[in-house]
1. Among the strands (runs of 3 or more DSSP E) confined wholly to the stretch 112-175, which include 1 or more residues that are among the aliphatic types (A, V, I, L, M), in contact with a Gly (Cβ under 7 Å, 6 or more places away or on another chain) and within 16 Å of E97 (Cβ to Cβ)?
2. Here is a list: G56, G38, G73. Which entry is at pLDDT below 50 and within 22 Å of S155 (Cβ to Cβ)?
3. Tell me whether the stretch 349-367 contains one or more residues that are charged (D, E, K, R), touching a residue at least 40 places away in the same chain (Cβ under 8 Å) and under 26 Å from V523 (Cβ atoms).
4. Hey, any hits in the stretch 199-212 for a residue that's touching a Leu at 6+ places or on another chain (Cβ under 9 Å), surrounded by fewer than 16 Cβ atoms within 10 Å (Cβ to Cβ) and touching a residue at least 24 places away in the same chain (Cβ under 8 Å)?
5. Looking only at the stretch 245-279, filter to residues that are out of contact with any Asp or Glu (no Cβ under 9 Å at 6 or more places or on another chain) and of a type in the set (D, E, K, R); which one of those is surrounded by the most Cβ atoms within 10 Å (Cβ to Cβ)?
6. Any residue at all in the stretch 126-139 that is basic (K, R), assigned by TED's automatic domain parsing to the domain that holds E98 and buried (at least 16 other Cβ atoms within 10 Å of the Cβ)?
7. Is it the case that some residue within the stretch 528-545 is assigned to a loop (DSSP other than H, G, I, E, B) and basic (K, R)?
Amino acid sequence: MRSGAKAGIVGGVLVVVLGGAGYGAYNVLDALNSGGDGSADTTSASGEVKTGPVTGEEIADASEKFLTAWANGESDAASQLTNNAVEAEPLLAGYREEAHVAKAVITPGKPVGAKVPYKVRATVSYGGRSKSWSYASELTVVRGVTTGRPLVDWSPAVVHPELKDGAKLRTGEPSTPAIRALDHEGRELTKEKYPSLGPILDTLRERYGSKAGGTAGIETWIENADANGPDKTLLTLAKGRPGELHTTLDADAQAAAETSVKKFSQASVVAVQSSTGSIRAVANNPATGFNAAMLGKQAPGSTMKIVTSAMLVEKGLAAAGRPVECPETAMYQGRTFKNLDGFSIPSGTLTTSFARSCNTAFIKLIDDTKDDAALAKEAHDVFGIGLNWKTGVDSFDGSVPEETGGEAAAQYIGQGTVQMNALNMASVTATARTGTFRQPVLVSPELDGRPIAQAARSLPPYVAGQLTEMMRQTASWGTGKAAMAPVGGDKGAKTGSAEVDGQETSNSWFTGFSDDLAAAAVVQAGGHGGDAAGPVVAAVLRAGR
């Protein structure tokens, strides 16, 4: 959280302009002098409190009075027109006292049901600097539970659409100067050019702004509670001098990642340099929301078979060229598993089942491990899952809990309690490619001396070699062939489709490598791994080679 904003004096009078679509001309003094609480009559002839939905007249009346009181800086009066005056009053008061809004013109739009949209045109003044500030938000009018009065349903978003619970608006000199983020070749990375980096750049500023050598300006920002992420700048009244912060990102790979995820309503992708763990690209669609690529927690489907295969080969229970059974169905401790579309492979090797993504071949081998927790141990000890990664920004490092019975079998094919994201699976692929886990990083640990996770051991060379070869076959003639066709270099892949309760279409997963770059993607409800997530990964691999 930014601190150290210097105190300032605010002057001026806030005003409200009504008469937008759906409203007639409104006199401010009439509203403030209407007597009582200023609300419409909420009792019936018998004296009973009104119930039922608010009427159009009540919606117009309540919203007009609230907006007028707020715009005039009367935080106490405005808060009493909400259904949570205790929480509303400090934020409404802070609009003038802490955000230093010297003037505000609020223009309501036409109500949509009980919702009233409005536009705010404000002037922020601090330290002799003033700047205009415009944005849009909305409020909802509800009936008070005990009073029957029409009231504004309180939410911080009433004041600004990006405000969350516990957050505040501030104006002043932030303690953390702005940063100029650079990729590994010194090219600038901005939110405007790379929208997915918005939350990441905010976090980088919060954590490293004071170390990057810049000087603060004057800004209006959202000061979030600790649990809600980094602060966000909304307005710059006076520019400071940003410090330079070098990241491991690659501008070309990032551009390709941004473009590729936009083809789907919900998609994430991450690229990692296999030999170093350097994160080369992170992208999400939607771009300005939750960083699912690094914080998501979902079943990864058959991409998990990379870890399963490593465990089976390392234990001597299977080998790339050794025959394995792939029936239509397989049962383990009362739980039945099947292959996509019910296919079977009459005769084939582990490579065949891996490349064609046969679930039952892997399920039939779980009994031979004589340890239901073997997969969890492999994921942790070799692939670094669950080792508290310190990437430089907030991230989730995957989870493969120790399970028994059918739940343990489900983990073999990336279902059940396994939780991963695109970052985790890109790292898994990088580890399979090189044989050694290298914790992904977005900024050098030398910048802040943070510890980097180390896996207990590397894969034996013969295991890493077999994993790499099976992934090559998947990209050559298996389920990843179509997606990886345009990708050059030494390449490999693994597809995945993860079933989600209550979701008709499975999530699409894909992970692959090209030379020294590994990438993974997930597309929500995208279906087969090669159909949706595959082209996303391929685009990033091509750009980042």
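1. Where strands (runs of 3 or more DSSP E) fall fully within the stretch 112-175 and carry at least 1 residues being among the aliphatic types (A, V, I, L, M), in contact with a Gly (Cβ under 7 Å, 6 or more places away or on another chain) and within 16 Å of E97 (Cβ to Cβ), they are 168-172.
2. Within the list G56, G38, G73, the selection yields G38.
3. Here is the first cut: in the stretch 349-367, the residues charged (D, E, K, R) are 356, 364, 367.
In the following step, the residues that additionally are touching a residue at least 40 places away in the same chain (Cβ under 8 Å) were identified as 356, 364.
Now drop any that are not under 26 Å from V523 (Cβ atoms), which leaves 356.
Yes, the stretch 349-367 has at least one match.
4. yes
5. E258
6. Looking for residues that are basic (K, R), assigned by TED's automatic domain parsing to the domain that holds E98 and buried (at least 16 other Cβ atoms within 10 Å of the Cβ), one finds at least one in the stretch 126-139, hence yes.
7. Looking through the stretch 528-545, at least one residue is assigned to a loop (DSSP other than H, G, I, E, B) and basic (K, R).
Yes or no, residue by residue, for (1) surrounded by fewer than 16 Cβ atoms within 10 Å (Cβ to Cβ); (2) closer than 30 Å to Q439 by Cβ:
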residue	(1), (2)
T171	no, no
A178	no, yes
D183	no, yes
S196	no, yes
L235	no, no
A238	yes, no
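The values are calculated or read from the model by the stated rules, or taken from the named source; none is laboratory data. Since the structure is predicted, the reported quantities are computational estimates derived from the model, not experimental observations. All Cβ positions, even for glycine, are placed from backbone atoms using ideal geometry, and neighbour counts span all protein chains on display.
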